[in-house]
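The values are calculated or read from the model by the stated rules, or taken from the named source; none is laboratory data. As the structure is a computational prediction, the values presented were derived from the model and not from experiment. Here the Cβ is made from the backbone with ideal geometry for all residues, glycine too, and neighbour counts use every protein chain on show.
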Amino acid sequence: MGQLSGLVRDITDDEIDRYHRDGAVLLKGVIGPEWIEVLAEGLEHANNHPDGMSAGVAEPLRIDQFPASHSPLLKQFLDQSPVAEIVGTVLNAPVRFYMDQMFYKPAGKISPSSWHQDTCYYNVQGHQLARAWICADPTPRNASLEVVRGSHLWNVTYRPPVGMDPADDPEAAQALEDDFAAGKILIGREAHEHWTYFDSFLDPGLPQLPDIEAAKDSFDIMGWDYQPGDVILFHGDILHAALGGAELPHPRRSHASLWAGPDVTYLKRRSQAIPDPLPLYDYTPENGQSLGEFPEVFPIAWAPED
Ligand SMILES: O=C(O)CCC(=O)C(=O)O
């Protein structure tokens, strides 16, 4: 493995403007090949060491929550690669790491990831939630990410398309409603031991996602051919998906990390589908508290120079 480099090139003002205007931008060639080797090995390690949060959503797709917590090379990637700097440069703000995910799609017919927003799955909100999507493998547009341009500014939180439907189990749903009304968070610490997407509550109070796939021409969709070293940076509220069905001779191994700028605050959501970061369960965060109030859990990962 060669020497580990910093940011390969500067992020341009035009790229920063496009992120804020469109809600997503492809940053071409910003991460060096030696970091992609670290990423690839880190993803292989996570894939070979499933834990209680490695949900086989629909085999052979593997999605891991917080994979860097059990893959030392992924942790190194998050701590030392230029990812935090890239996010902080685009936000022009200090950034804190919130969580990461692995989407491991084996060679052959690539599974889709259906349309969704990210932030409605988590107990956080803010305009400065940004997601860095980085793939260890070349990925043509028909297997990489697509987004609905500008949907980060629609000011709507859609219902995540996962979870227990209250219509199927009204009693269990009422118990969850009661817990929520009593100020409890719905997904506890134990979820880090055993968790699936279907443990959450399909919040009927949130609007259902539009059927984007069925009416694709009605939406302004952006997507990109992706090469390792690129970063697709997108806003936490943007609608996005990955197409399925493309045949690839190699796996399509992606890592997505979620980063928070200063305006990001804690928010208990009925639609929470992903557990809070494990160390946060040692605290009792209240709605509206800034993540910066928990510096042991969310230290500043990168900050612009004054
Ligand atoms: O890589 C994928 O297939 C999906 C990624 C995604 O939905 C995300 O990072 O939020």
Next on the checklist: Checking the conditions here, which among Thr89, Thr12 is within 20 Å of Gly236 (Cβ to Cβ) and not aliphatic (A, V, I, L, M)?
Outcome noted: Thr89
Next on the checklist: Checking Thr139 against (1) in contact with a Lys or Arg (Cβ under 7 Å, 6 or more places away or on another chain); (2) surrounded by fewer than 22 Cβ atoms within 10 Å (Cβ to Cβ); (3) of a type in the set (S, T, N, Q), only one condition comes out false. Which one?
Outcome noted: (2)
Checklist entry - Only one of Gly52, Gly6, Gly23, Gly42 is touching a helix residue (DSSP H, G or I) at 6+ places or on another chain (Cβ under 8 Å), of a type in the set (Gly, Ala, Ser) and within 17 Å of Trp195 (Cα to Cα); which? => result Gly52
Checklist outcome for this item: Leu91: passes all of (1) away from the ligand (no atom under 16 Å from the Cβ); (2) touching an Asp or Glu at 6+ places or on another chain (Cβ under 7 Å) but (2)
Checklist entry - Is it true that some residue in region 147-158 is outside any loop (DSSP other than H, G, I, E, B), at pLDDT 90 or above, within 14 Å of the ligand (Cβ to nearest atom) and not aliphatic (A, V, I, L, M)? => result yes
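Here is a yes/no grid of residues against (1) within 11 Å of the ligand (Cβ to nearest atom); (2) modelled with pLDDT of 95 or more; (3) among the acidic types (Asp, Glu):
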position: Tyr104; (1), (2), (3): yes, yes, no
position: Ser113; (1), (2), (3): yes, no, no
position: Tyr121; (1), (2), (3): yes, no, no
position: Val124; (1), (2), (3): no, yes, no
position: Ser144; (1), (2), (3): yes, yes, no
Item to check | Verdict on Phe180 being of a type in the set (A, V, I, L, M, F, W, C), modelled with pLDDT under 95, in contact with a Leu (Cβ under 9 Å, 6 or more places away or on another chain) and in a helix (DSSP H, G or I) | outcome: yes
Checklist entry - How do the pairs read when you match residues in region 80-108 that are closer than 24 Å to Tyr197 by Cα and touching a residue at least 40 places away in the same chain (Cβ under 8 Å) with residues anywhere that are within 13 Å of the ligand (Cβ to nearest atom) and in a helix (DSSP H, G or I), using Cβ under 9 Å and keeping only pairs 6 or more apart or on different chains? => result Asp100/Pro67; Gln101/Pro67; Met102/Leu43; Met102/Pro67; Tyr104/Leu43; Lys105/Ala143
Item to check | Residue count for region 226-259, restricted to those that are away from the ligand (no atom under 15 Å from the Cβ) and either touching a Phe, Trp or Tyr at 6+ places or on another chain (Cβ under 9 Å) or in a strand (DSSP E or B) (or both) | outcome: 2
Checklist entry - So is Glu293 within 16 Å of the ligand (Cβ to nearest atom) and among the charged types (D, E, K, R) or not? => result no
Next on the checklist: Quick check on my filter: what residues within region 114-130 are farther than 19 Å from Arg18 by Cα, assigned to a strand (DSSP E or B) and of a type outside the set (Val, Ile, Thr)?
Outcome noted: Ser114, Trp115, His116, Gln125
Next on the checklist: Looking only at helices (runs of 4 or more DSSP H) that lie completely in region 1-113, which have at least 3 residues being surrounded by fewer than 20 Cβ atoms within 10 Å (Cβ to Cβ)?
Outcome noted: 13-22, 33-48, 72-80
Checklist outcome for this item: Picking from Gly205, Gly223, Gly183, the residue that is surrounded by 12 or more Cβ atoms within 10 Å (Cβ to Cβ) and small (Gly, Ala, Ser) would be Gly223
Item to check | The listed residue being small (Gly, Ala, Ser), on the phi > 0 side of the Ramachandran plot and without any contact (Cβ under 8 Å) to a residue 40 or more places away in the chain, out of Gly245, Gly229, Gly288 | outcome: Gly288
Checklist outcome for this item: The one condition Ala132 fails out of (1) surrounded by fewer than 23 Cβ atoms within 10 Å (Cβ to Cβ); (2) on the phi < 0 side of the Ramachandran plot is (1)
Checklist entry - If you take the residues of region 131-142 that are closer than 18 Å to Tyr19 by Cβ and among the hydrophobic types (A, V, I, L, M, F, W, C), which of them is nearest to the ligand (Cβ to nearest atom)? => result Trp133
Item to check | Residue list for region 282-294, restricted to those being more than 20 Å from the chain's Cα centre (by Cα) and part of a helix (DSSP H, G or I) | outcome: Asp282, Glu293
